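Asker: Next up is a structure, given as structure tokens.
The values are calculated or read from the model by the stated rules, or taken from the named source; none is laboratory data. Owing to the predicted nature of the structure, the values given are computational and were not obtained by experimental measurement. All Cβ positions, even for glycine, are placed from backbone atoms using ideal geometry, and neighbour counts span all protein chains on display. To get the accessible areas, we keep the full protein, side chains included, count just its heavy atoms, and leave off ligands, DNA and RNA. Shrake-Rupley method; radii C 1.70, N 1.55, O 1.52, S 1.80 Å.
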Amino acid sequence: DVCSSGSPGNTLYEGQRSSQHIIPDFLITNNDGKLELTLNSRNAPELKISRDYKDMLEHYSKDKKSKESKQAITFVKQKLDAAKWFIDSIKQRQHTLFEVMKTIMEYQYDFFLEGDQRKLKKMVLRDIAEKVGMDISTISRVANSKYVQTHFGTYLLKTFFSEGLQTESGEEVSSKEVKQILSDCIAAEDKREPLTDEALTKILKEKGYNIARRTVAKYREMLDIPVARMRKGL
């Protein structure tokens, strides 16, 4: 073999790009070995119903006989009900976000303690969906759009999930594991004759990873590694 499989989970930097421009949705702090999770208050403002509407309702309630007062009372009550519904919806959404992130944090507790990528467990959307009792689609939406800030970096949640890949024997493997193998292979290649995507695909198949060439090319690009002809002589 031209390379060894190495350890999975060394490509989380993908989720850290441009993190300085991102306002994280969650904050994880390590307090003497105990992780604490909070929602970023900038993305979860406290909402209250304006006192003006309550005062308005009290004002019109003093005169329930006139048609105008009855219409005003109906109008104000509708607005109050709409506001309460909106606030309840926001609270439910925040609860959903918090529960999903809390479950991810607990699943990957060892990783979040120190940021050691070798301690990142294989995790798929179904693992979290089953634990929180939510649809996979809900977990997917959260993972694809929310960021968490830790003391060692800011990450898009989807970077903690593994894609569904299998070996020829049917054993599930992490996409991070495959990326690490590609990275190791390219690092060990002869720069006078760099490995093409076809050659990398063949190496993976020899190791038991039945992955298409286009998938290999996609992972190589995600690792910011140029094509073989661009690596020649580097």
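Asker: Residues of segment 17-64 being open to solvent by 90 Å² or more (accessible area, probe 1.4 Å), more than 22 Å from residue 142 (Cβ to Cβ) and either modelled with pLDDT of 75 or more or not basic (Lys, Arg) (or both), which ones?
Answerer: 20, 32, 34, 48, 51, 52, 58, 59, listed by residue number.
Asker: Please verify whether segment 91-106 includes one or more residues that are closer than 30 Å to residue 180 by Cβ and open to solvent by 80 Å² or more (accessible area, probe 1.4 Å). Even if it seems obvious, please write down each step before you answer.
Answerer: To start, the set of residues in segment 91-106 that are closer than 30 Å to residue 180 by Cβ comprises 100-106.
Now restrict to residues that are open to solvent by 80 Å² or more (accessible area, probe 1.4 Å): 106.
Yes, segment 91-106 has at least one match.
Asker: In segment 123-146, what count of residues is obtained for those that are open to solvent by 60 Å² or more (accessible area, probe 1.4 Å), farther than 17 Å from residue 162 by Cα and not charged (D, E, K, R)?
Answerer: Qualifying residue count for the region: 1.
Asker: Identify the residue in segment 187-234 that is part of a loop (DSSP other than H, G, I, E, B) and within 16 Å of residue 177 (Cα to Cα) and, among all such residues, is modelled with the highest pLDDT. Before the answer, list the steps.
Answerer: Filtering segment 187-234 for residues part of a loop (DSSP other than H, G, I, E, B) gives 189-196, 207-208, 210-212, 223-227, 232-234.
Now narrow it down to the ones that are within 16 Å of residue 177 (Cα to Cα): 207-208, 210-212, 223.
Details: 207: 81, 208: 77, 210: 76, 211: 81, 212: 83, 223: 90.
Filtering segment 187-234 for residues that are part of a loop (DSSP other than H, G, I, E, B) and within 16 Å of residue 177 (Cα to Cα), the one modelled with the highest pLDDT comes out as 223.
Asker: So, residue 115, is that one over 15 Å from the mean Cα position of the chain (by Cα) and in contact (Cβ under 8 Å) with a residue 24 or more places away in the chain or not? Don't jump to the end; show me each part of the working.
Answerer: Details: over 15 Å from the mean Cα position of the chain (by Cα): yes; in contact (Cβ under 8 Å) with a residue 24 or more places away in the chain: yes.
Yes: the conditions hold for residue 115.
Asker: Related question: Consider residue 108 carefully, then state whether it is closer than 20 Å to residue 25 by Cβ and either among the basic types (Lys, Arg) or at pLDDT 90 or above (or both). Break it down into steps so the answer makes sense when it comes.
Answerer: Numbers: closer than 20 Å to residue 25 by Cβ: yes; either among the basic types (Lys, Arg) or at pLDDT 90 or above (or both): yes.
Yes; evaluated as a whole, the condition is true for this residue.
Asker: Another question about this same structure. Which one of the conditions (1) under 30 Å from residue 157 (Cβ atoms); (2) more than 16 Å from the chain's Cα centre (by Cα); (3) surrounded by 15 or more Cβ atoms within 10 Å (Cβ to Cβ); (4) of a type outside the set (Gly, Ala, Ser) does residue 86 fail to meet, given that it meets all the rest?
Answerer: (3)
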